[in-house]
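Quick notes on the structure that follows.
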Amino acid sequence: MSQTITFRPDKDAERALAVLTADGTAVSAAVRAALIDAARGRAQERLRAEAEALAADPTDRAEAAQVLRD
């Protein structure tokens, strides 16, 4: 699915876009890569938070220890 997205960058976004396109990368390629990187980062943050929650859960830790003993 291909669609056109339009946005109005603020000063911070303009500076970020300048950095991402300084090497000649096309604006659309830079925006696509930034969106993918942001989504990947959020997914990693969720996984990290879930892992930390499980590591802090004494019931889960006990169950994991039991599985390792079996």
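The values are calculated or read from the model by the stated rules, or taken from the named source; none is laboratory data. None of these values were measured; they are calculated from a predicted model. Ideal geometry is used to build each Cβ from the backbone, glycine not excepted, and the neighbour counts take in all protein chains shown.
Looking at A56, A30, which one is at pLDDT 95 or above and not charged (D, E, K, R)? Of the residues listed, the single one that is at pLDDT 95 or above and not charged (D, E, K, R) is A30.
Taking E63 as the residue in question, decide whether it is modelled with pLDDT under 90 and on the phi < 0 side of the Ramachandran plot. Quick ask: steps written out before the conclusion?
Details: modelled with pLDDT under 90: yes; on the phi < 0 side of the Ramachandran plot: yes.
For E63, the condition - modelled with pLDDT under 90 and on the phi < 0 side of the Ramachandran plot - is met.
The set of residues in the stretch 27-67 that are under 30 Å from P9 (Cβ atoms) and among the charged types (D, E, K, R) comprises R32, D37, R40, R42, E45, R46, R48.
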